[in-house]
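Step one of this worksheet: look at the structure below.
The values are calculated or read from the model by the stated rules, or taken from the named source; none is laboratory data. For clarity, every value in this text was computed on a predicted model and none was experimentally measured. Positions of Cβ are generated from backbone atoms using ideal geometry, with glycine treated the same way; all protein chains shown enter the neighbour counts.
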Amino acid sequence: MKRLARAFGLLGGIGAIIYVLRDRLISVTAPREPEPPRFQPIPPQHETPGGPDSTAPRTVTSETQDDLTIILGIGPTYAARLADAGVTGFADLASRTAGELADEIDIAETKVAEWIREAASL
């Protein structure tokens, strides 16, 4: 019985040592993982006047007077939602409140507030 207890104790001790040193043992024997692929950013579909990171104010020309898509963050889908809510130009957008319009078109209020600020500057 004592021999059996010693054998279990010895096996348990070896198991404990292997468990403690598992990171060192595995890193030596296991091959290294390959590097993950590097992703390139997707180029924007349409450039806004002045570029996306530009701090210069955008100018409104006669051809873009009612084009809400020149506001950063408004694409064709959001422009259609705004049109359904009765917003067709910059003056319409600037005259609305962010909370009311956000509820109407089901978009985050912070995003609508940014659009209203930009429409007011245009």
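Close Cβ contacts (under 6 Å, 6 or more residues apart or on different chains) running from residues in region 88-111 that are outside any helix (DSSP H, G or I) to residues that are buried (at least 18 other Cβ atoms within 10 Å of the Cβ) are absent. Please verify whether E63 is loosely packed, with under 12 Cβ neighbours inside 10 Å, assigned to a helix (DSSP H, G or I) and at pLDDT below 55, treating the condition exactly as stated. Answer is yes for this residue.
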